[in-house]
Structure formats: C-alpha cells, structure tokens
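The values are calculated or read from the model by the stated rules, or taken from the named source; none is laboratory data. This structure is a prediction, so every number in the text was calculated from the model and none was measured. Here the Cβ positions follow ideal geometry from the backbone for every residue, glycine too, while neighbour counts run over all protein chains shown. Accessible surface areas use protein heavy atoms only, side chains included; no ligands, DNA or RNA. Shrake-Rupley method; radii C 1.70, N 1.55, O 1.52, S 1.80 Å.
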Amino acid sequence: MDEHRYQTSGHGPRRLLLIHGWFWDQRVFAALIALLPPDEFTCATFDIAGYGTARAEEGPYDMAAMAEDGWRVAQALGWNDFAVLGHSMGGKAAQKLAIDHADAVRAVIAVTPVSVAPLPFPPEVRAFFERSCGDDDVAGALVGESVGGRLSQAWLDDIVARTRETADDDTRRAYLRSFADDDFSPEAPRLTAPLLVVFGEHDHGVAESVMRPVYEGLYPHARFATIAGVGHYPMLEAPEALAATIAAFLSEMSC
C-alpha cells in the first residue's frame, strides 16, 4: 500500500480505520477525526482506487477491492486488531472487510450504509444515480435528496465540486454498479464483531424505515443509532454527535 494514499491521526490505543463513500474522498472525515481525542484514538483514512491521491490507480473499482485496500492499510500500519467505520458505500466495504478478516476486526460502525445485499433500485431511480455521474445538476439533486432537502444549494454544489475534483465519471459509475449490485449477503453470518448501524433522521437515500429491517435480518446482533437533525452525511452535518456516538459504542465494546 502506497503510504501517500493513507493518513493517520492520533496516538491512542483505539484503532479506527475509516472508509469513505461515493461522494468526495478521505477528507470527508476530517471534521469527525478532529473531534476524536488523539490520546484515545488512532485513526487511519485512505483514498479508494480511482479517488483523490489514488485517482490514477486502475481498478477494479468495487466493494471487494475497497475492503482489501482497507486491509492493506491496516497491515501497513501493523494493526493486528482494529475497528472499521464505513460511510454509505464505504459501509458495504467495511462489512466485507469484517467478513473476510473476522479475526482482526473488533467492531464495525456502518454510517448511513449500503447493505451487503443488492439495492432494490426501481429502474428510474437507478437511471437517476447513473445520470448523476455525468451531470452536476443531477448530482446536486441526488445529494439534496439524501439530506432531506434541508441544506443550501451552496453546500450541495461544494460536495459535487469536491467529488468531481477527486474522481472521474467512469470510476464512479463502476463503483455504483458494485455497491448497487454486488451480493455478499450469503457471507453475512461471518460478520460476528459488534456492529453499530448509524442512520440520519433526514436521510432519504438510506432511510432507516427501509434499511433497518434489512440489517436486522442480516445481523441479529446489530445495534442501531439515529442521529437527529442530519441526513446522509453526519460526519459533515453534525460531527460532534457522530463522534460522541462512535466513542460511546467503542468504549462499551472495549475497542
């Protein structure tokens, strides 16, 4: 793993690997990490292939490769045990990482996450997601829907611009196909680590009413938290609340 692709922060005993989602790159976690006490946490973030510092890296651009990239970061850091946090499609990759490396992953935090099962997209919704890869107006509308139409156009435009800066359209289309279609659900029983699924109250993309029953079926041991007043991006919308949720869960799990 190229050391320029990942960054670490803090020096504490709780090791936390964070996997970013479809919009933007590892920098999406900056405000959140700044709120996790550095004497308690050591955090590691990385750019998935095709994004940010790894934009020139060829694929495959899929969930399994994301999970293995995360594993390579942990190995490069000498981490034999750690917790993993994934946002949105990164949540699917985090689950895959915990499935494949159950002996090392001590806890999983899935933030507004995609399921390991295929997404039941109606054709018109799938087409909307596809168009967002090449049309900034559609991308802004998609992000706006995911935060419940609550945030300013300037905020939406900023997320879209940062995403366009960090990844090209074809790369994002490839990841879309993977997070929407790949099916790891037969492997779900191998995820035995403590699992916290975090929803945003106003997330219309990964709505708790739709996704919580999915997670309850996949992982009977899963725990759930809902952050009030936020949509799909709690690390940007309310990093303090998300940081407190993470710290409380990992403290209880002794991770």
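What the table shows:
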| item | result |
| --- | --- |
| Which numbered condition residue 214 fails, given (1) open to solvent by 20 Å² or more (accessible area, probe 1.4 Å); (2) β-branched (Val, Ile, Thr); (3) farther than 24 Å from residue 64 by Cα; (4) touching a residue at least 40 places away in the same chain (Cβ under 8 Å) | (3) |
| Which listed residue, of 39, 136, is under 14 Å from residue 23 (Cβ atoms), open to solvent by 60 Å² or more (accessible area, probe 1.4 Å) and of a type outside the set (Ser, Thr, Tyr) | 136 |
| Some residue of region 174-181 being over 20 Å from residue 128 (Cβ atoms) and small (Gly, Ala, Ser) | no |
| Filter result for residue 253 (touching a residue at least 12 places away in the same chain (Cβ under 8 Å) and open to solvent by less than 30 Å² (accessible area, probe 1.4 Å)) | no |
| Residue list for region 1-27, filter: β-branched (Val, Ile, Thr) and crowded, with 23+ Cβ neighbours inside 10 Å | 19 |
| Among the residues listed as 88, 115, 132, the single one being among the polar types (S, T, N, Q), modelled with pLDDT of 95 or more and out of contact with any Ser or Thr (no Cβ under 9 Å at 6 or more places or on another chain) | 132 |
| Residue count, region 217-242 (criterion: within 12 Å of residue 110 (Cβ to Cβ), hydrophobic (A, V, I, L, M, F, W, C) and either open to solvent by 40 Å² or more (accessible area, probe 1.4 Å) or without any contact (Cβ under 8 Å) to a residue 40 or more places away in the chain (or both)) | 3 |
| Qualifying residue in region 143-164 (condition: among the polar types (S, T, N, Q) and touching a helix residue (DSSP H, G or I) at 6+ places or on another chain (Cβ under 6 Å)) | no |
| Residues of region 186-208 that turn out to be open to solvent by 50 Å² or more (accessible area, probe 1.4 Å) and in contact (Cβ under 8 Å) with a residue 60 or more places away in the chain, as a count | 3 |
| Leading residue by the ranking (surrounded by the fewest Cβ atoms within 10 Å (Cβ to Cβ)) among those in region 44-90 that are over 12 Å from residue 26 (Cβ atoms) and polar (S, T, N, Q) | 80 |
| Region 91-109, subset assigned to a helix (DSSP H, G or I) and buried (at least 24 other Cβ atoms within 10 Å of the Cβ), residue nearest to the chain's Cα centre (by Cα) | 91 |
| Residue that is in contact (Cβ under 8 Å) with a residue 60 or more places away in the chain and acidic (Asp, Glu), where the choices are 182, 170 | 182 |
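Results for (1) touching a residue at least 40 places away in the same chain (Cβ under 8 Å); (2) not small (Gly, Ala, Ser), shown as yes or no for each residue.
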{"position": "109", "(1), (2)": "yes, yes"}
{"position": "124", "(1), (2)": "no, yes"}
{"position": "134", "(1), (2)": "no, no"}
{"position": "137", "(1), (2)": "no, yes"}
{"position": "140", "(1), (2)": "no, no"}
{"position": "144", "(1), (2)": "no, no"}
{"position": "153", "(1), (2)": "no, yes"}
